[in-house]
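Read-outs: derived from the displayed coordinates by stated rules, not from any lab. Bear in mind that the values here come from a model prediction, so they are computed numbers and not experimental data. When we count neighbours, we look across all protein chains shown, and the Cβ atoms used for this are built from the backbone with ideal geometry, even at glycine.
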């Protein structure tokens, strides 16, 4: 049975004081839930967040990592560095990493393999831009992103994979993705994985939706059969909004 997951991507927001305050509020208000709840503060606040949440059910995860174990990679963070401070899950392939930092499918494949080799869990992000959606190329693009980064993995790796579909065209563009569009793509993703691997892999992998989930639309989106939760951006920075989304699942 696949996990229900609500993950907050804090991106480049919240200094140490703000991080501690938000974590305290989230811990105090977290409802009793069977869903996995995750938050990803900035790198400089990860170790502090792990300590802050040591008695909480909220898991602290990282926003990114490098594929090398060590070396002359100024400004980068390795899997071992994350593991050493208690981080076991990492987001890889976020649309902003692809768009602003030039991360290609080849680079992301290396990152995924490095994380898995270190027994980490990977939350792999992918999704189409507005031009892909408008041209009708969205299914092909998503299939390509999955194939290039994940389809050479062993079957044994898949229990450590979480998928996060990001319709980039529906984030901060004025366009809106409907719950039906989310379900359509999630069903396609599951079908694509089943064809490449097997039905068991497809049915057991959690697929999160990352297209501007808010308290007002979370329940309807999460009610769709192939949507297993959300990767939350802006709403994860407001405790009451994030908690409302957790309750919605």
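At a glance:
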| item | result |
| --- | --- |
| Complete set of residues in the range 35-48 that are within 18 Å of the chain's Cα centre (by Cα) and either outside any strand (DSSP E or B) or closer than 21 Å to residue 111 by Cβ (or both) | 35, 38, 39, 40, 41, 42, 43, 46 |
| Residues of the range 1-34 satisfying the condition of being farther than 13 Å from residue 243 by Cα and assigned to a loop (DSSP other than H, G, I, E, B) | 1, 2, 3, 4, 10, 11, 12, 13, 14, 15, 34 |
| Selection within the range 49-64 - more than 20 Å from residue 111 (Cα to Cα) and either touching a helix residue (DSSP H, G or I) at 6+ places or on another chain (Cβ under 7 Å) or in a loop (DSSP other than H, G, I, E, B) (or both) | 49, 52, 53, 54, 55, 56, 57, 58 |
| Within the range 86-142, helices (runs of 4 or more DSSP H) holding 1 or more residues that are touching a strand residue (DSSP E or B) at 6+ places or on another chain (Cβ under 8 Å) and crowded, with 17+ Cβ neighbours inside 10 Å | 95-101, 105-117 |
| Top-ranked residue in the range 65-85 [being in contact with a strand residue (DSSP E or B) (Cβ under 8 Å, 6 or more places away or on another chain) and in a loop (DSSP other than H, G, I, E, B); ranked as farthest from residue 107 (Cα to Cα)] | 77 |
